[in-house]
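A.B. asks: Pasting a structure below so you can have a look.
The values are calculated or read from the model by the stated rules, or taken from the named source; none is laboratory data. From a predicted model like this one, the values you see are computed outputs, not experimental measurements. All Cβ positions, even for glycine, are placed from backbone atoms using ideal geometry, and neighbour counts span all protein chains on display. Keep in mind that these areas ignore ligands, DNA and RNA; they rest on the heavy atoms of the full protein, side chains included. Shrake-Rupley method; radii C 1.70, N 1.55, O 1.52, S 1.80 Å.
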Amino acid sequence: EAIARQIVQAGFDKALREVPIGRFGDLVTVDRREIEALHSIQSLVSEYCRYPQKKPLSVAVFGPPGSGKSFSVEQVAKSILGENKPLTFNLSQFGQPEDLYDALHQVRDVGLSGKIPLVFWDEFDTTLNGQPLGWLRYLLAPMQDGSFQEGQLVHPIGRCIFVFAGGTSHCMEEFGAQLTEDGKRAAKLPDFISRLRGFLNVLGPNPQESTGRDPFFILRRAIFLRSILERNAKQIMLKNEVNIDLGILRAFLKTRNYKHGVRSMESIVGMSTLAGKSAYERSCLPSEEQLYLHVDARDFLALVRQIELEGDLLNTLAGAAHEVFCEGLKKKGYRYGPQNDSKLQTNSSLLPYEELPEDEKEQNRRNVRDIANKLSLAGYLMRPARSHEHPFNFPDGDLETLAELEHISYMEMKLSSGWQYAAKTDRSKKLNQTLVPWADLPEEEKDKDRDLVRGIPIILAKAGYAIEKTG
């Protein structure tokens with residue numbers, strides 16, 4: 001998150017000094033796989049343009065709606081072809097195969113003018129007359145022969161670049177995967193793929209569920225947002241630094257989902273009242289009703305208003321978190337002891353917060369910093385408390401989810417600090433018996449995490465915040 005913030009505020013070069021950056025016109029990426037794929041497409045286009053050709057260069061590009069598929073390929077082609085307005089045809093809007101003839105005539109006309117046409121066939125993977133991938137069989141001849149037959153006449157197309165942009169498949173691996181082997185052959189899928197010279201998977205701003213854990217989506221969002229602000233809100237930039245409220249920046253980077261991909265990010269900036277402003281302030285944001293068009297507005301605005309846990313406030317809440325932890329142990333009959341011993345009911349952390357070792361203070365600070373993330377994962381948000389607010393209690397299922405997240409966060413902190421698992425805890429040797437998966441954790445240790453979760457509303461109340469279930 002810190003790197004993502006710096007990308008938006010200071011720019012790619014300052015934030016990513018030692019990171020390989022892929023630049024293709026106005027497109028910037030730091031994803032290694034994406035850089036390699038874009039370089040591959042760029043090389044294909046460059047090689048194709050260098051020598052006379054009789055048939056099109058065909059490549060495919062996949063990604064979720066609004067991920068920037070057309071923009072990505074357009075920028076790569078622009079780096080080779082220069083300014084060259086692409087031709088775009090959406091096959092889902094064509095009613096019959098004969099509609100292709102008019103489109104191909106337009107391609108041919110541009111080619112006859114001396115330019116190399118860049119042609120986007122959007123949603124080429126849609127059905128035709130109920131047949132899955134029904135358009136593929138009609139695209140094979142233009143791809144393979146560089147010509148099309150209209151009646152008794154055969155028309156050569158000439159040199160051009162065909163870009164097939166998927167509408168129903170979000171990545172190459174999904175393309176045709178729902179069909180049986182017989183269905184793939186009937187749709188001419190193997191023949192179509194054999195005519196492609198390359199493909200590109202564009203990830204977009206939302207986490208990729210199909211790839212499992214995707215921690216780098218926040219960097220993609222930062223790159224998109226920086227680019228959008230550079231193009232559409234230069235008035236809030238001074239000496240290349242973006243003047244943006246930290247709450248707004250947090251919401252752009254961490255909101256759960258953009259309903260229409262990058263288009264939603266662009267729309268939120270476009271709907272904001274930035275004309276004549278030198279800063280992107282909270283008062284510039286569109287209304288909650290307008291935000292609902294593009295994001296979960298409650299989630300987005302909760303992130304805008306989320307407290308920045310640093311400095312004195314962080315230490316105050318870390319101390320409160322430690323008090324909650326100690327109260328839970330004392331209720332079970334524990335007292336201070338130099339060693340953690342469940343039989344003797346002693347715990348070395350039963351000290352005032354100020355007397356804790358620095359690593360345990362940092363553990364409490366980290367727990368507090370992570371509260372907002374844990375709440376978000378369990379479907380909760382933080383908001384300013386109202387007067388006479390009733391105490392909040394987590395339902396059992398959510399309590400268990402949050403307790404497990406608490407344990408995972410604790411393990412990550414310990415392991416990253418050099419601690420290791422051992423059958424018996426020994427602080428002097430950085431050995432800890434609780435560094436095990438949640439399912440293997442003794443019930444007594446699980447109760448400690450549950451007590452910490454039960455204490456979250458108490459901790460936040462000290463900062464004037466309350467908890468609310470989303471959705």
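A.B. asks: What pairs can you find where one residue is in the range 407-422 and part of a loop (DSSP other than H, G, I, E, B) and at pLDDT 90 or above, the other is surrounded by 13 or more Cβ atoms within 10 Å (Cβ to Cβ) and of a type outside the set (D, E, K, R), and their Cβ atoms are less than 8 Å apart, with a gap of 6+ or different chains?
C.D. replies: Listed pairs, sorted by first residue: Trp419/Leu431; Trp419/Asn432; Trp419/Leu435; Ala422/Leu431; Ala422/Asn432; Ala422/Gln433.
A.B. asks: Further, regarding this structure: Just to check your reading of the model, which residue among Lys234, Lys239, Lys254 is open to solvent by 10 Å² or more (accessible area, probe 1.4 Å) and on the phi > 0 side of the Ramachandran plot?
C.D. replies: Just one listed residue meets the conditions, Lys239.
A.B. asks: Could you check the range 43-154 for helices (runs of 4 or more DSSP H) lying wholly inside it with 1 or more residues that are closer than 28 Å to Ser264 by Cα?
C.D. replies: 69-81
A.B. asks: Any idea which residue in the range 164-187 is farthest from Ser43 (Cα to Cα), counting only those that are open to solvent by 70 Å² or more (accessible area, probe 1.4 Å) and assigned to a loop (DSSP other than H, G, I, E, B)?
C.D. replies: Thr180
A.B. asks: From the list Glu444, Glu400, which one is of a type outside the set (A, V, I, L, M, F, W, C), over 18 Å from Asn340 (Cβ atoms) and in a helix (DSSP H, G or I)? Let's see the steps before the verdict.
C.D. replies: On the way: Glu444 fails: over 18 Å from Asn340 (Cβ atoms).
Selected residue: Glu400, the only one of Glu444, Glu400 that is of a type outside the set (A, V, I, L, M, F, W, C), over 18 Å from Asn340 (Cβ atoms) and in a helix (DSSP H, G or I).
A.B. asks: Evaluate the following for Ile228: is it crowded, with 20+ Cβ neighbours inside 10 Å and modelled with pLDDT of 90 or more?
C.D. replies: Criteria not met by Ile228.
A.B. asks: One residue is enough: does the range 212-223 have a residue meeting the conditions among the β-branched types (Val, Ile, Thr), outside any loop (DSSP other than H, G, I, E, B), out of contact with any strand residue (DSSP E or B) (no Cβ under 7 Å at 6 or more places or on another chain) and surrounded by fewer than 20 Cβ atoms within 10 Å (Cβ to Cβ)?
C.D. replies: Restricting attention to the range 212-223, the residues satisfying the condition of being among the β-branched types (Val, Ile, Thr) are 218, 223.
Narrowing the set further to residues that are outside any loop (DSSP other than H, G, I, E, B) leaves 218, 223.
When the remaining residues are screened for being out of contact with any strand residue (DSSP E or B) (no Cβ under 7 Å at 6 or more places or on another chain), the result is 218.
Cutting the leftovers down to surrounded by fewer than 20 Cβ atoms within 10 Å (Cβ to Cβ) gives us 218.
The answer is yes; a qualifying residue exists.
A.B. asks: Specify the residue that is farthest from Pro65 (Cα to Cα); the eligible residues are those in the range 130-144 that are of a type outside the set (A, V, I, L, M, F, W, C) and modelled with pLDDT of 90 or more. Walk me through it before giving the result.
C.D. replies: As a first pass, look at the range 130-144 and keep what is of a type outside the set (A, V, I, L, M, F, W, C): 130-132, 134, 137-138, 142, 144.
Next, from what is left, pick out any that are modelled with pLDDT of 90 or more: 131-132, 134, 137-138, 142, 144.
On the way: Gln131: 22, Pro132: 19, Gly134: 21, Arg137: 25, Tyr138: 24, Pro142: 27, Gln144: 29 Å.
Among those residues, the one meeting the criterion is Gln144.
A.B. asks: If the Cβ limit is 7 Å and pairs must be 6+ apart or interchain, which residue in the range 357-386 that is closer than 18 Å to Tyr465 by Cβ pairs with which residue that is modelled with pLDDT under 80 and assigned to a helix (DSSP H, G or I)?
C.D. replies: So the pair list comes out as Met382/Ala372.
A.B. asks: Could I ask something else about it? Can you tell me which residue is nearest to Ile41 (Cα to Cα) among those in the range 188-200 that are part of a loop (DSSP other than H, G, I, E, B) and either in contact with a strand residue (DSSP E or B) (Cβ under 7 Å, 6 or more places away or on another chain) or free of Cβ contacts under 8 Å to residues at least 40 places away in the same chain (or both)? It would help to see each step written out before you state the result.
C.D. replies: Step one: list which residues in the range 188-200 are part of a loop (DSSP other than H, G, I, E, B), which gives 188, 196-197.
When the remaining residues are screened for being either in contact with a strand residue (DSSP E or B) (Cβ under 7 Å, 6 or more places away or on another chain) or free of Cβ contacts under 8 Å to residues at least 40 places away in the same chain (or both), the result is 196-197.
On the way: Leu196: 11, Arg197: 9 Å.
That would be Arg197.
A.B. asks: Let me ask something else about it. Which ones in the range 7-41 are within 18 Å of Leu118 (Cα to Cα) and surrounded by fewer than 19 Cβ atoms within 10 Å (Cβ to Cβ)?
C.D. replies: Scanning the range 7-41 gives Gly25, Asp26, His39, Ser40.
A.B. asks: Somewhere in the range 458-470, is a residue free of Cβ contacts under 8 Å to residues at least 24 places away in the same chain and either closer than 26 Å to Lys331 by Cα or open to solvent by 20 Å² or more (accessible area, probe 1.4 Å) (or both)?
C.D. replies: Checking the range 458-470: not a single residue is free of Cβ contacts under 8 Å to residues at least 24 places away in the same chain and either closer than 26 Å to Lys331 by Cα or open to solvent by 20 Å² or more (accessible area, probe 1.4 Å) (or both).
A.B. asks: Considering only residues of the range 409-432 that are within 22 Å of Ala321 (Cα to Cα) and open to solvent by 70 Å² or more (accessible area, probe 1.4 Å), which is nearest to the chain's Cα centre (by Cα)?
C.D. replies: Once the filter is applied, the top-ranked residue is Glu412.
A.B. asks: Of all the residues that make up the range 145-172, how many are in contact with a helix residue (DSSP H, G or I) (Cβ under 8 Å, 6 or more places away or on another chain) and over 19 Å from Leu91 (Cα atoms)?
C.D. replies: So the answer is 4.
A.B. asks: From the list Gly333, Gly328, which residue is open to solvent by less than 70 Å² (accessible area, probe 1.4 Å), under 21 Å from Glu444 (Cβ atoms) and more than 38 Å from the chain's Cα centre (by Cα)? Show your work before the answer.
C.D. replies: Working: Gly328 fails: more than 38 Å from the chain's Cα centre (by Cα).
When all the criteria are applied, what remains is Gly333.
A.B. asks: Just one of the numbered conditions (1) open to solvent by 70 Å² or more (accessible area, probe 1.4 Å); (2) at pLDDT 90 or above; (3) of a type outside the set (Ser, Thr, Tyr); (4) over 30 Å from Glu1 (Cβ atoms) is not true of Leu351; which one?
C.D. replies: (1)
A.B. asks: Could you tell me whether any residue of the range 340-356 is under 25 Å from Arg250 (Cβ atoms) and of a type in the set (Lys, Arg)?
C.D. replies: Within the range 340-356 (the criterion being under 25 Å from Arg250 (Cβ atoms) and of a type in the set (Lys, Arg)), the answer is no, since none of the residues qualifies.
A.B. asks: Going through the range 260-314 one residue at a time, which ones are on the phi > 0 side of the Ramachandran plot and in contact (Cβ under 8 Å) with a residue 12 or more places away in the chain?
C.D. replies: Gly261, Gly276 - these are the residues of the range 260-314 that are on the phi > 0 side of the Ramachandran plot and in contact (Cβ under 8 Å) with a residue 12 or more places away in the chain.
A.B. asks: If I filter the range 55-89 down to residues being modelled with pLDDT under 85 and not small (Gly, Ala, Ser), which single residue comes out as surrounded by the fewest Cβ atoms within 10 Å (Cβ to Cβ)?
C.D. replies: Among those that are modelled with pLDDT under 85 and not small (Gly, Ala, Ser), it is Glu83.
A.B. asks: Answer yes or no as to whether Gln339 is surrounded by fewer than 16 Cβ atoms within 10 Å (Cβ to Cβ) and assigned to a loop (DSSP other than H, G, I, E, B).
C.D. replies: Considered against the rule, which asks whether it is surrounded by fewer than 16 Cβ atoms within 10 Å (Cβ to Cβ) and assigned to a loop (DSSP other than H, G, I, E, B), Gln339 comes out as yes.
A.B. asks: Filter the range 101-146 down to residues that are of a type in the set (D, E, K, R) and closer than 23 Å to Ser194 by Cβ and give me whichever is least open to solvent (accessible area, probe 1.4 Å).
C.D. replies: Asp125
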